[in-house]
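I have placed the structure first, in the form of structure tokens, so that the comments after it can refer back to it.
The values are calculated or read from the model by the stated rules, or taken from the named source; none is laboratory data. Just so it is clear, the model here is predicted, and its values are computed rather than measured. Cβ atoms come from the backbone with ideal geometry, glycine included; neighbour counts cover every protein chain shown. Calculation scope for accessible area: heavy atoms of the full protein, side chains included, ligands and nucleic acids excluded. Shrake-Rupley method; radii C 1.70, N 1.55, O 1.52, S 1.80 Å.
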Amino acid sequence: MQKMLETLEKLQNEAISEIESVDTIDGLESWRIAYLGSKGRLKGVMPLMKDVSREEKPAVGKRLNEVKKALEGAFETRKNGLSFVATSRPPLDITETGDPTALGRRHVISRTIDEITQVFSRMGFSVAYGPEVEDEYHNFNALNIPDDHPARDPIDNFFVDGGRMLRSQTSTVQIRVMEAVEPPVKIIAIGRVYRPDTHDATHFSMFHQCEGLFVAPKVSMVDLKSTLFQFAKAYFGEEAEVRFRPSFFPFTEPSAEVDMKMKIKGKWQWVEIGGCGLVDPDVFDQVGYDNEKWQGFAFGLGIERIAMLKYGIQDIRWLFENDARFLRQF
Ligand code: DAH
């Protein structure tokens, strides 16, 4: 047994010291064949086993295994070291600049929505949401738009199965909020609306609106106009102004078109950006608000309109083509 152990010891020492001076892949392969190969030195020790007594065989066998493991381990380590050298340059050059990571950015419409939300939040409005797939009741009837109203023509709306439709206005959210909570109410609702318009520089079949609704014991056109006036100044600058033009919406009485005076290419100009009015008492009846006790104003503004004016964008289609060269300007 002693002889066998000594032989193994010697073999291991020689193998390890030899592998340290191996410096090519070929040299390493020769080393492997010499020590671990089927006719290698480790195998060559095997015949000595027959001289080992039965009782001592397990201990020797264990030692044999250890040496084999040590040699295999040394082989792997050296192999890794050599392939490292073989690339002839460091595998990781920390001075390389590398490929730049492309930084994304928020879409100009998302940004506009955030900005508008911030301004109205400062005035005490909270944010409400409603579904984009709506029923006709919330999109029309509850807003005083009866079954035979021309605005309900299938050619002007995206109807889907089951008497539902893609909402054509965010005014739907006025109804949903009033159904859900008791007055007073002070909310804005920003979201997508859909109309089958032919796409051109100012029309797109999907766009965004900002709806506002304020319900309190006493609300007048003055409250409405001063709220929109505050918004215009906060958003477009101190010199911005608001003007109302008489109009008609089925769910407000009186109703007005909202124009804002803003700076476009250095010149102050009036631009139409939405509609507004005092909530029609019939709408309060629909949602079960006592119209003797409560009054309200509402408005709806076009987000794309606002963004296009603020950032000088001439064609609404550019907003939705996902062309990064255009979008990264904002
Ligand atoms: N929903 C209207 C539209 O899409 C805009 C509007 C007008 C909203 C008057 C209102 C409002 O809340 O009071 O054309």
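Provide the three semi-axes, in whole Å and in decreasing order, of the ellipsoid equivalent to the range 257-299 as defined by the square roots of 5 times the Cα gyration tensor eigenvalues.
Values: eigenvalues 246, 12, 6 Å².
Over the Cα atoms of the range 257-299, the ellipsoid semi-axes are 35, 8, 6 Å.
Over the range 2-87, what is the relative contact order in percent, taking alpha-carbon pairs closer than 8 angstrom and at least six residues apart? Write down the numbers at each step before the final one.
Details: 51 pairs, mean separation 38.1, N = 86.
Relative contact order, the range 2-87: 44 percent.
Using the scaling law 2.2 N^0.38 Å as the reference, what is the normalised Cα Rg of the range 1-73? Please list the in-between numbers first.
On the way: Rg = 12.9 Å, N = 73, 2.2 N^0.38 = 11.2 Å.
It is 1.15.
Less than 19 Å from a label point 7 Å out along the Cα-to-Cβ axis of Tyr129: which backbone N atoms in the range 179-214 qualify, by residue?
Residues 179-181, 186-194, 207-213 qualify, since their backbone N sits under 19 Å from the label point.
Tell me the relative contact order for the range 108-327 as a rounded percent, counting alpha carbon contacts under 8 Å between residues six or more apart. Don't skip to the answer; put the middle values down first.
Numbers: 420 pairs, mean separation 46.4, N = 220.
Value for the range 108-327: 21 percent.
Separation between the Lys261 and Thr202 pseudo-spin-labels, each 7 Å from Cα along Cα→Cβ, expressed in nm?
Taking the two extended label points, one gets 2.1 nm.
Can you compute the FRET efficiency between Lys68 and Ala102 using 1/(1 + (r/R0)^6), with r the Cβ-Cβ distance and R0 = 45 Å? Round to the nearest 0.05. If you can, show how the numbers build up before the last one.
Numbers: r = 52 Å, r/R0 = 1.15.
Here the calculated transfer efficiency is 0.30.
Using the heavy atoms of the protein chains and a 1.4 angstrom probe, tell me the accessible area per residue for the chain in square angstrom. Walk me through the numbers on the way to the answer.
On the way: 18700 Å² over 330 residues.
Value returned for the chain: 57 Å² of accessible area per residue.
Quick one: which residues, 5+ away or cross-chain, put their amide H under 5 Å from the amide H of Val193? H built at 1.01 Å from N.
Phe207, His208, Gln209
Consider just the alpha-carbon atoms of the range 41-148 and return their Rg together with their Dmax, both in angstrom.
My reading of the Cα-based Rg and Dmax gives 38.6, 109 Å.
Within the accessible area of the range 71-199, what % is carbon and sulfur when the probe is 1.4 Å and the other protein chains stay in place? Intermediate values should be presented prior to the final figure.
Numbers: 4150 of 7700 Å².
Carbon and sulfur: 54 percent of the exposed surface of the range 71-199.
Would you please state the base-10 log of I(q)/I(0) at q = 0.06, 0.07, 0.09 1/Å for the chain, with intensities from the Debye formula using one equal scatterer on every alpha carbon?
Debye intensities relative to I(0), on a log10 scale: -0.47, -0.50, -0.58.
Give the peptides 22-35, 151-164, 95-108, 182-195 in descending order of average Cβ contacts within 10 Å, highest first. Before the final figure, lay out the partial values.
Working: 22-35: 15.1, 151-164: 11.6, 95-108: 8.9, 182-195: 18.4.
Put in order of decreasing packing, that is 182-195, 22-35, 151-164, 95-108.
Enter the Cα centre distance for the pair the range 111-170 and the range 226-261, rounded to the nearest angstrom.
20
Could you tell me the relative contact order of the range 240-282? Use alpha-carbon pairs under 8 Å, at least six residues apart, and round to a whole percent. Could the numbers behind the result be given before it?
Values: 84 pairs, mean separation 16.1, N = 43.
After rounding, I find 38 percent.
Where does the chain land at 222 nm, in deg cm²/dmol rounded to the nearest 500, when only DSSP H runs of n ≥ 4 count, each adding -39500 (n - 2.57), divided by all residues? If you can, show how the numbers build up before the last one.
Numbers: 11 runs with 131 residues, N = 330.
Calculated from helices alone, the mean residue ellipticity at 222 nm is -12500 deg cm²/dmol.
Report the far tail of the P(r) of the range 126-207, meaning the percent of Cα-Cα pairs longer than 15 Å.
59
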